[in-house]
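A.B. asks: After the structure tokens below, expect a handful of questions from me.
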Amino acid sequence: MNARTEIERAVRAAAPHALVETVRDALATAYDARSVQLLLADYGMNVLKPVGTAPEHESALSIHNSPQGRAFGSQRPHEEPAGGGDQVDHHFPVTVRGERLGILSVRLPADAATPQTMDELAHVADLLGHEIVVAERDTDHYRRARRINRLTLAAEMQWQLLPARAFTAAEYAIGAQLEPAYAIHGDNFDWAADGDQLTVSVTNGLGEGIQASLLTSLAVNALRNARRAGIGIADQAALADQALYEQHRGSAHVSTVLLRFDLATGRVGAVDAGSPQLWRLRGRTVARVELDAQLPLGMYEESQYVVQNLQALPGDRLLLVSDGVYDTVSPHGEAYVERGLARVILATRLLPAASVPGAVLRELADYRAADTLDDALVVCIDWFGRQGNDG
């Protein structure tokens, strides 16, 4: 049995909370690793936090200004001398289907970094990422490690609703981010993919705190329930509308945009039931995609919704943004949507989809030059189309 197989068996057999310790022991035996550390990205995607260290010894590293952060941002292994030059630290991205979880750092003797060893360690990082996703069903160990501050209860509820913050398939790539990450209220994103279609939704709940989270939770779960029944997005919106109206009788509502992509053709069905906006970068041209405005979910009894048809072309980038983005005002009173949003969409065109939302939200923070009073949500969708299909 070779080292790679032995490591796989050990990791898959490990207790959910003991994955890092198991990998550390296995790499020390197989590759003479001098140290092994897993760092996970925090909820705000600003720092990388070590897993398994005592809180008083934790030292978070910047995602934007550290060797580990460079490996995280580029999604490529990075190395740096360590231990007086006779050892080297190797940093490997820990990523699952486009979801960037963190970095596996392994210190090896300088002469041990053969191409085969680097390939095998990259495989271990990939394996570790998949096992963490599974382990999170049974332990809070990794979720605790991703926090630099305590989440509000409302934020805890919202994060539990969310899918991954990034996903990559042959036809598309998605990235999303919410701010303020540790105190979000009612904004939410969701997506689901199968072999033929991709469904994406963005919701903007009414109010703040627990009430906003409860309202959004009802809306998201109603949409999921309808989607999993296999019905179209217009009926998904109608059923979620009924669920919200029955509970709140019109006193509370949720703004939602639903998109469904046909993966074979790039045709997109859209239902605009509220305030989130859709923007498109095609070539070097940025424009808002005007959707037919319909009633927010839960405002009136038995609202009916109609699908609007769009066409995505290979190379298109679509951004869904909440009102906490486009309604932001600068200290001089200029709305972000007037100039800033189109400018940052164009400026970030070379970044991968997973990196775009964070870049937009950082630029937004500089633009407003003050703490936001509202959630801000960005979802980026890069459309590649199917190979051999012109869209």
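The values are calculated or read from the model by the stated rules, or taken from the named source; none is laboratory data. What you see is a predicted model, and the numbers here were worked out from it, not measured in a lab. Here the Cβ is made from the backbone with ideal geometry for all residues, glycine too, and neighbour counts use every protein chain on show. Ligands, DNA and RNA are stripped out before the accessible areas are found, and what is left, the full protein with its side chains, is counted by its heavy atoms. Shrake-Rupley method; radii C 1.70, N 1.55, O 1.52, S 1.80 Å.
A.B. asks: Within segment 357-387, take every residue that is assigned to a loop (DSSP other than H, G, I, E, B) and open to solvent by less than 50 Å² (accessible area, probe 1.4 Å) and give me the one that is modelled with the highest pLDDT.
C.D. replies: Out of the qualifying residues, it is Gly385.
A.B. asks: Would segment 37-46 turn up any residue that is open to solvent by 50 Å² or more (accessible area, probe 1.4 Å), touching a strand residue (DSSP E or B) at 6+ places or on another chain (Cβ under 6 Å) and at pLDDT 95 or above?
C.D. replies: Yes, the conditions are met somewhere in segment 37-46.
A.B. asks: Right, here's the next one. Hey, can you tell me all the residues within segment 302-316 that are in a loop (DSSP other than H, G, I, E, B), out of contact with any Phe, Trp or Tyr (no Cβ under 9 Å at 6 or more places or on another chain), open to solvent by 70 Å² or more (accessible area, probe 1.4 Å) and not hydrophobic (A, V, I, L, M, F, W, C)?
C.D. replies: Scanning segment 302-316 gives a single hit, Gln304.
A.B. asks: Could I ask something else about it? Going through segment 326-340 one residue at a time, which ones are assigned to a helix (DSSP H, G or I) and either under 21 Å from Asp292 (Cβ atoms) or of a type in the set (S, T, N, Q) (or both)?
C.D. replies: Of everything in segment 326-340, those that are assigned to a helix (DSSP H, G or I) and either under 21 Å from Asp292 (Cβ atoms) or of a type in the set (S, T, N, Q) (or both) turn out to be Tyr326, Val337.
A.B. asks: Considering (1) part of a loop (DSSP other than H, G, I, E, B); (2) in contact with a strand residue (DSSP E or B) (Cβ under 8 Å, 6 or more places away or on another chain), say which one Leu319 fails and leave the rest.
C.D. replies: Here Leu319 meets the rest and fails (1).
A.B. asks: Mind counting the residues in segment 265-286 that are touching a residue at least 40 places away in the same chain (Cβ under 8 Å), assigned to a strand (DSSP E or B) and of a type outside the set (S, T, N, Q)?
C.D. replies: 8
A.B. asks: Residues of segment 83-99 being in contact with a strand residue (DSSP E or B) (Cβ under 6 Å, 6 or more places away or on another chain) and within 14 Å of Gln37 (Cα to Cα), which ones?
C.D. replies: Within segment 83-99, Val88, Asp89, His90, His91, Phe92, Val94 meet the criteria.
A.B. asks: Please enumerate the residues belonging to segment 140-172 that are under 12 Å from the mean Cα position of the chain (by Cα) and open to solvent by less than 10 Å² (accessible area, probe 1.4 Å).
C.D. replies: If the condition is that a residue be under 12 Å from the mean Cα position of the chain (by Cα) and open to solvent by less than 10 Å² (accessible area, probe 1.4 Å), then Ala166 is the only one that fits.
A.B. asks: Condition test on Glu246, is it touching a residue at least 12 places away in the same chain (Cβ under 8 Å), at negative phi, open to solvent by 40 Å² or more (accessible area, probe 1.4 Å) and among the acidic types (Asp, Glu)?
C.D. replies: no
A.B. asks: Looking at segment 265-276, which of its residues are modelled with pLDDT of 95 or more, on the phi < 0 side of the Ramachandran plot and open to solvent by less than 40 Å² (accessible area, probe 1.4 Å)?
C.D. replies: Hits for segment 265-276 are Thr265, Val268, Gly269, Ala270, Val271, Asp272, Ala273.
A.B. asks: Please verify whether Asp89 is surrounded by 16 or more Cβ atoms within 10 Å (Cβ to Cβ) and farther than 21 Å from Ile174 by Cβ, treating the condition exactly as stated.
C.D. replies: Judged against the criteria, Asp89 is a match.
A.B. asks: If you go through segment 149-200, how many residues are of a type in the set (A, V, I, L, M), in a strand (DSSP E or B) and over 22 Å from Arg368 (Cα atoms)?
C.D. replies: Residues that pass the stated criteria total 7.
A.B. asks: Ser59 versus (1) farther than 19 Å from Ala145 by Cβ; (2) in a loop (DSSP other than H, G, I, E, B); (3) open to solvent by 30 Å² or more (accessible area, probe 1.4 Å): which is the lone unmet condition?
C.D. replies: It is condition (1) that Ser59 fails.
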